[in-house]
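The values are calculated or read from the model by the stated rules, or taken from the named source; none is laboratory data. Every value quoted in this text rests on a predicted model; they were computed, and no experiment measured them. Counting neighbours? That spans all protein chains shown, and the Cβs are built from the backbone with ideal geometry, glycine included.
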Amino acid sequence: MEGRFNPRNNDAWTLIELFVVLAVLAILAALINWGPLPGQKAKARRIHCVNNLMQISMSFMVWDRDHQGRFPMAVESNHGGTIEWVDGGNAFRHFQAISNELFSTKILVCPSDNRIPAMNFQALKNENISYFVGLDATDAKPPMLLTGDRNITNGLTPQRTVLMLPLDRPAGWTGAMHVRQGNVGLADGSVQSFTTLALHEALKNTGDSTNRIAIPE
């Protein structure tokens, strides 16, 4: 005996399928409205930070080439440098020295930081900056730290915002910005993402006994 077509059952399955499609569309719409997941957001912020540091590092390198192979921290102020400002609380002045190469103060703030960019370079202060400056960096020693995330620490207290990173003192990252890692621009113009362990090795490779950095506190 031939089976009979039951329009009521067919309608029921069609209605269920419709509900499933609507539910899927609602989920997709919610995901679009919510944006990337937290892990994706953190990764995007790290990439943005690396891009910032690449621009900062290249700006330092351009300045270096125009000043006989010296970064601003090793050049007198009457030649546009900041050697007189190396001691104490003057991280912002080193970035002001390369303002012609940087073009925008927004580059100086990491998206994982809660700091606000300065309106212009004349108004720039430490509180408008997310990145440290390697005070003794030189292109003669490519592995030296030139710039990087300000949440670097080794347990020592900065002296007038200058922190020493001696090779025998383990350094790492606080949780203030990127979790368990940080981004660093080296004196060769490259930018690296370092875990705490990788940072230890990077400091050993610098060949410098103190690795002084100016933290924008």
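Going through T210, T161 one at a time, which residue ends up being under 25 Å from Q96 (Cβ atoms), out of contact with any strand residue (DSSP E or B) (no Cβ under 8 Å at 6 or more places or on another chain) and among the polar types (S, T, N, Q)? Walk me through how you get there before you give the answer.
On the way: T161 fails: out of contact with any strand residue (DSSP E or B) (no Cβ under 8 Å at 6 or more places or on another chain).
Answer to the check: T210.
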> Failed condition for L108, given (1) surrounded by fewer than 14 Cβ atoms within 10 Å (Cβ to Cβ); (2) out of contact with any strand residue (DSSP E or B) (no Cβ under 6 Å at 6 or more places or on another chain); (3) of a type outside the set (D, E), with all others met?
Replying inline: (1)
> Picking from N78, N51, which residue would you name as being exposed (fewer than 15 other Cβ atoms within 10 Å of the Cβ) and within 24 Å of the chain's Cα centre (by Cα)?
Replying inline: N51
> Looking only at the stretch 146-159, which residues are in a loop (DSSP other than H, G, I, E, B) and out of contact with any Phe, Trp or Tyr (no Cβ under 9 Å at 6 or more places or on another chain)?
Replying inline: N154, G155, L156, T157, P158
> Among the residues of the stretch 111-143, which ones are surrounded by fewer than 18 Cβ atoms within 10 Å (Cβ to Cβ) and hydroxyl-bearing (S, T, Y)?
Replying inline: T138
> Taking the stretch 110-163, which residues are aliphatic (A, V, I, L, M), over 15 Å from the mean Cα position of the chain (by Cα) and modelled with pLDDT of 95 or more?
Replying inline: A118, M119, A123, L124, L135, A137, M144, V162, L163
> Mind checking which residues of the stretch 160-203 are part of a strand (DSSP E or B) and more than 25 Å from N114 (Cβ to Cβ)?
Replying inline: L186
